[in-house]
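The structure appears right after this line, and notes come after that.
The values are calculated or read from the model by the stated rules, or taken from the named source; none is laboratory data. Please read these numbers as outputs of a predicted model, since none were measured by experiment. Positions of Cβ are backbone-derived with ideal geometry, glycine not excepted, and every protein chain shown enters the neighbour counts.
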């Protein structure tokens, strides 16, 4: 069962979905979230009020993946290379729980900047 969410930064809005993992359910239950964006290379991340352990954690992610980072209690959106990427794929600093994916237009989020306000809602 996937659950639709919307991610908004200023005038930019993209549709995404969350998968049916326990971590994704925990995130879905605390929505909406409005907070400030942090950037790490082409990764957006921000703290969320969710505490979860690793669940099928991986360092293999794709552009458009949405993940939960257990070490930082943060949601991550992968848009491209990060400082630890080995080639042109995104790579988290440590294993993450992939909880969903942006349906389309992930590249629109490439215009966001450190400090912008982001809202994730049902």
List the residue pairs whose Cβ atoms are under 8 Å apart, where the first residue sits in the range 24-37 and is at negative phi and loosely packed, with under 15 Cβ neighbours inside 10 Å, the second is modelled with pLDDT of 95 or more and assigned to a loop (DSSP other than H, G, I, E, B), and the two are 6 or more positions apart or on different chains. 30/48; 30/49; 30/50; 32/122; 36/115; 36/116
Which of (1) touching a strand residue (DSSP E or B) at 6+ places or on another chain (Cβ under 6 Å); (2) without any contact (Cβ under 8 Å) to a residue 40 or more places away in the chain; (3) surrounded by fewer than 21 Cβ atoms within 10 Å (Cβ to Cβ); (4) within 19 Å of residue 4 (Cβ to Cβ) is the odd one out, the single condition residue 65 does not satisfy? (3)
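Give the number of residues within the range 80-94 that are under 23 Å from residue 55 (Cβ atoms) and out of contact with any strand residue (DSSP E or B) (no Cβ under 6 Å at 6 or more places or on another chain).
Residues in the range 80-94 being under 23 Å from residue 55 (Cβ atoms) and out of contact with any strand residue (DSSP E or B) (no Cβ under 6 Å at 6 or more places or on another chain): 6 in total.
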Given the structure, is residue 2 modelled with pLDDT under 95 and surrounded by fewer than 18 Cβ atoms within 10 Å (Cβ to Cβ)? yes
